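Structure first, commentary second.
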Amino acid sequence: MRIRFTCLANSKKLGGRCVAGLRSDCDEWIRPVSQAEGALLRRHYVLDDGKEAALLDVIEVRVSEHRPKPYQPENWVLEDEQWKLIKRLNPKDAYLFLKKVLVTGPELFGNTADRVPLSGL
């Protein structure tokens, strides 16, 4: 199955990367994971143009199955296929996209920090 998403997160994780974003088909989050469910290696997140996946890139990946966890319901297992860059959003398109998907409201998980402490799970 192929899924397109707009990259909204690309962070370092345990010697690799964690990449995630909003799906184009349903506005749900996706976090591609390796077969071992560990951090993504460089070979996983380098696009067909030779560049690494970046914020606001629209990317297509091939996945084999949805593998949610209680603390990561957005996990999808990657197939061994290079990621395809569909487009890089220009500033105007990025603004329109982000404005459409922005959710305002209460704090996420009870705080405004950039992470949730393990004790809070």
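The values are calculated or read from the model by the stated rules, or taken from the named source; none is laboratory data. The shown structure was predicted, so the numbers you read here are calculated from the model rather than taken from an experiment. Reconstructed Cβ throughout: ideal geometry from the backbone, glycine too, with neighbour counts over all protein chains shown.
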- request: Answer yes or no: is there a residue in the stretch 31-50 that is over 14 Å from CYS7 (Cβ atoms) and in a strand (DSSP E or B).
  value: yes
- line: Pairing a residue in the stretch 21-44 that is in contact (Cβ under 8 Å) with a residue 60 or more places away in the chain and more than 14 Å from PRO68 (Cα to Cα) with any residue that is of a type in the set (A, V, I, L, M) and assigned to a helix (DSSP H, G or I), where Cβ atoms lie under 8 Å and the two sit 6 or more apart in sequence or on different chains, gives LEU22/VAL101; ASP27/VAL101
message: So if I check each of PRO32, PRO68, PRO91, which one is touching a Phe, Trp or Tyr at 6+ places or on another chain (Cβ under 8 Å), at pLDDT 90 or above and not charged (D, E, K, R)?
response: PRO32
- request: Scan (1) surrounded by fewer than 14 Cβ atoms within 10 Å (Cβ to Cβ); (2) assigned to a strand (DSSP E or B) for the single condition PHE5 breaks and write down its number.
  value: (1)
field: the stretch 8-30, subset touching a Ser or Thr at 6+ places or on another chain (Cβ under 9 Å) and of a type in the set (Lys, Arg), residue surrounded by the most Cβ atoms within 10 Å (Cβ to Cβ)
entry: ARG17
- prompt: For the stretch 61-82, how many residues are assigned to a strand (DSSP E or B) and under 11 Å from the mean Cα position of the chain (by Cα)?
  reply: 3
- request: Within the stretch 40-61, track down each residue that is surrounded by 16 or more Cβ atoms within 10 Å (Cβ to Cβ) and either under 22 Å from ASP25 (Cα atoms) or touching a Leu at 6+ places or on another chain (Cβ under 7 Å) (or both).
  value: HIS44, TYR45, LEU47, ALA53, LEU56, ASP57, VAL58, ILE59, GLU60, VAL61
